[in-house]
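Asks: One structure, pasted below without further comment.
The values are calculated or read from the model by the stated rules, or taken from the named source; none is laboratory data. Not measured: the values here are computed from a predicted model. Here the Cβ positions follow ideal geometry from the backbone for every residue, glycine too, while neighbour counts run over all protein chains shown. Remember, those area values only see protein heavy atoms, side chains included, never the ligands or the DNA or RNA. Shrake-Rupley method; radii C 1.70, N 1.55, O 1.52, S 1.80 Å.
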Amino acid sequence: MVRNSPSLFPDIPMSAKTDDTHSTGILPSQKIVCLLDKGYVTSSLPHEAGQIQPASIDLRLGPVAHRVRASFLPNRSSVRQRLDLLGSQALDLSLPVVFERGGIYIVPLLEELNLPPGYWAKANPKSTTGRLDVFTRLITDFGKQFYYVPDAYKGKLYLEVVPQTFSIKVSQGTRLSQMRFWRGRPLPSDTALVQLHESEVLVYADQFLPAEALIRKGLWIHVDLARGDGSGPIGYRAKRHAPVIDLAKTDFYSPDEFWDPIYPDDRRYIILDPDEFYILMSQERIRIPPGFAAEMMGHEPALGEFRVHYAGFFDPGFGYDLTNHNGTPAVLEVRAHEVPYVLEDGQQVAHLLFDRLQSTPDRLYGPKIGSSYQFQGLSLSKQFRRRPQLGGG
């Protein structure tokens, strides 16, 4: 623990400076506000209420999108130069536009960065984006990898958007991704994670019973294909050729038009078909303590021919300090690869890496800040009308 550490920027008082303050780690919400105030994060339009999350900032689509024929990394060029080289179709996002399923779109974001030395960032799809099987990746000018913003980066941000199952309607300001900021690069520690579980309890088996935590290069979770009394689904499989989904609508669409429910049976397994998209749920109920954030690493080739969880960020306060129950199940966005694959109840599917925040955020995940999935069970994205949820959600 680092005590009496300097503030994020010497000329800004640290309003939340306490004994839990660290010199490295993920920036909490109040320090992200400092980034905005000092011009390290800028935008051509004013930032909106609710854009700052406990450990991230929502990124907004800009006024123009470019449809391209292939994904790319810029490497030795700017994104603009690469778009000119490959050729692209410009789309005006001042009014709602449909991004077609299977199309590849590059969108300059409203937010730009001017990070000081020692600070870097990473972006991930928002939960709603992942639950609609919309694949997004952040790109920077001269970037050599997706998702990551290098130390002291100064320049524009771009988002690659690929709707894989549903066509979607978006416009300028639509929030598809979110960004976390780090100072330094503290390494994850299984020993520290074991100690955290002993003191805070990171996973519960049900609303009241702590679960045994499998910690090995992170906290492992397992898929639930058997929960319920037989009357409710344990998963959903997306329908092909469904209607367009307008992301500006909430609690609007009937799930029956877009999803086929999957019900439990005595076999306790399902067969994942190649190139199909599934919504499933974890056995564990997860808790993220206020001073930590987590990221689900959902692609493990050694586990099988599938990918889990495109939207990997878990905010401080997720599943934490809830009335009458403990923890919240993780919703799993699952896509099989080249071959059909048998997924069994209780199978390991992904692991969570925990990172310490520099200090406790001034807001936590939950209904008070408009979070949509704090009480989820088997939950579709917020565009769909809600049904009674499994797992106490």
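Asks: Select from Ala248, Leu196, Tyr269 the residue farthest towards the positive end of the dipole of segment 142-284; place +1 on Cβ of Lys and Arg, -1 on Cβ of Asp and Glu, and compute about the Cα centre.
Replies: Result: Ala248, furthest along the dipole toward the positive end.
Asks: Can you give the FRET efficiency to the nearest 0.05 for Asp84 and Lys368, using r as the Cβ-Cβ distance and R₀ = 41 Å?
Replies: Values: r = 46 Å, r/R0 = 1.12.
For R0 = 41 Å, the calculated efficiency reads 0.35.
Asks: Once you have the Cα-Cα distance between Ser23 and Ser77, take 0.36 nm times their residue separation minus that, and quote the gain in nm to one decimal. Provide the component values of the computation, followed by the final result.
Replies: Values: separation 54, 0.36 × 54 = 19.44 nm, distance 3.40 nm.
Between Ser23 and Ser77, full extension yields 16.0 nm more.
Asks: Can you give the three extents of the C-alpha atoms in segment 173-259 along their principal axes, from longest to shortest, in whole Å?
Replies: Principal axes ranked by extent give 48, 42, 21 Å for the Cα atoms.
Asks: Would you report the distance distribution of C-alpha pairs in segment 49-132 as whole percents per 5 angstrom bin, up to the bin with the largest distance?
Replies: Percent of Cα pairs in each bin: 3, 10, 18, 22, 22, 15, 8, 2.
Asks: Also, I was wondering about something else. Based solely on its DSSP helices, what 222 nm [θ] is calculated for the chain when runs of n ≥ 4 H residues each add -39,500 (n - 2.57) and the sum is averaged over all residues, nearest 500 deg cm²/dmol? Walk me through the intermediate numbers first.
Replies: On the way: 4 runs with 33 residues, N = 393.
Using -39500 (n - 2.57) per qualifying helix, the result is -2500 deg cm²/dmol.
Asks: Under 13 Å from the Cβ of Trp182, count the other residues' Cβ atoms, weight Lys and Arg +1, Asp and Glu -1, and hand me the total.
Replies: Values: positive: Lys31, Lys122, Arg180, Arg183, Arg185, Arg356; negative: Asp151, Glu295, Asp355.
Net charge in that neighbourhood comes out at +3.
Asks: Applying a 10 Å radius around every beta-carbon, put 120-128, 164-172 in order of their mean neighbour count, most first.
Replies: On the way: 120-128: 22.8, 164-172: 19.3.
Most protected by this proxy first, the peptides run 120-128, 164-172.
Asks: Something else: In percent, how large is the relative contact order of the chain, given Cα pairs closer than 8 Å and 6 or more residues apart?
Replies: Working: 1016 pairs, mean separation 74.8, N = 393.
Normalised by residue count, the contact order of the chain is 19 percent.
Asks: Can I ask one more? Can you pull the semi-axes for segment 140-218, root of five times each eigenvalue of the Cα gyration tensor, sorted largest first, whole Å? Write out the running numbers ahead of the final one.
Replies: Numbers: eigenvalues 246, 97, 25 Å².
Semi-axes (√(5λ), whole Å): 35, 22, 11.
Asks: Sticking with this structure for a sec: Got a sec to turn the phi values of segment 148-156 into Karplus ³J(HN,Hα) couplings, 6.51 cos²θ - 1.76 cosθ + 1.60 with θ = phi - 60°, whole Hz, x for Gly and Pro?
Replies: 8, 10, x, 3, 6, 5, 10, x, 7
Asks: Still on this structure, I have one more. Filter the GluC sites (Glu not before Pro) in segment 81-167 down to the DSSP loop ones having no more than 14 other Cβ atoms within 10 Å, then list what survives.
Replies: Working: sites: Glu100, Glu111, Glu112, Glu160; in loops: Glu100.
Answer in residue order: Glu100.
Asks: Probe 1.4 Å, all protein chains in place: accessible area of Leu353 in Å², nearest 10?
Replies: Estimated to the nearest 10 Å², Leu353 gives 50 Å².
Asks: Another one. Taking K and R as +1 and D and E as -1, what net charge do the other residues with C-beta under 9 Å from the C-beta of Leu27 add up to? Provide the component values of the computation, followed by the final result.
Replies: Working: positive: Lys31, Arg180, Arg183; negative: none.
In short, +3.
Asks: Report in % the part of the accessible area of the chain that belongs to carbon and sulfur, leaving out ligands and nucleic acids; probe 1.4 Å. Can you show the working numbers first?
Replies: On the way: 8560 of 16760 Å².
Exposed carbon and sulfur together represent 51 percent of the surface.
Asks: At 1.4 Å probe size, with every protein chain present, just tell me what the per residue accessible area of the chain comes to in Å².
Replies: 43
Asks: Rounded, prolate or oblate for segment 166-209? Axes are the square roots of the Cα gyration tensor eigenvalues, ordered a ≥ b ≥ c, and the cut-off for rounded is a/c under 1.5.
Replies: Note, shape of segment 166-209 comes out oblate.
Asks: Expected output is a single nm value to one decimal: the length gained when fully extending between Leu209 and Phe146, i.e. 0.36 nm times separation in residues minus the C-alpha distance. What is it? Let's see the in-between values first.
Replies: Details: separation 63, 0.36 × 63 = 22.68 nm, distance 3.93 nm.
Here the answer is 18.7 nm.
Asks: Classify the chain: rounded, prolate or oblate, from the alpha-carbon gyration tensor (a ≥ b ≥ c, eigenvalue square roots; a/c under 1.5 rounded; otherwise prolate if a/b is larger than b/c)?
Replies: Details: a/c = 1.69, a/b = 1.09, b/c = 1.55.
The shape class here is oblate.
Asks: Stretch Asp275-Lys382 to full length: gain in nm at 0.36 nm per residue minus the Cα-Cα span?
Replies: Once the chain is fully extended between Asp275 and Lys382, it gains 36.2 nm.
Asks: What does the charge dipole of the chain about its Cα centre add up to, to the nearest 20 debye, if the Cβ of each Lys and Arg holds +1 and the Cβ of each Asp and Glu holds -1? Could the numbers behind the result be given before it?
Replies: Values: 43 positive and 44 negative charges, 224 e Å.
Charge dipole of the chain: 1080 debye, to the nearest 20.
Asks: Between Lys38 and Leu91, what is the spin-label point distance in nm, taking each point 7 Å from the Cα along the Cα→C-beta axis?
Replies: 3.8
Asks: Still on this structure, I have one more. I'd like the distance between the alpha-carbon centres of segment 106-177 and segment 216-273, rounded to an integer number of Å.
Replies: Here the two parts' Cα centres lie 26 Å apart.
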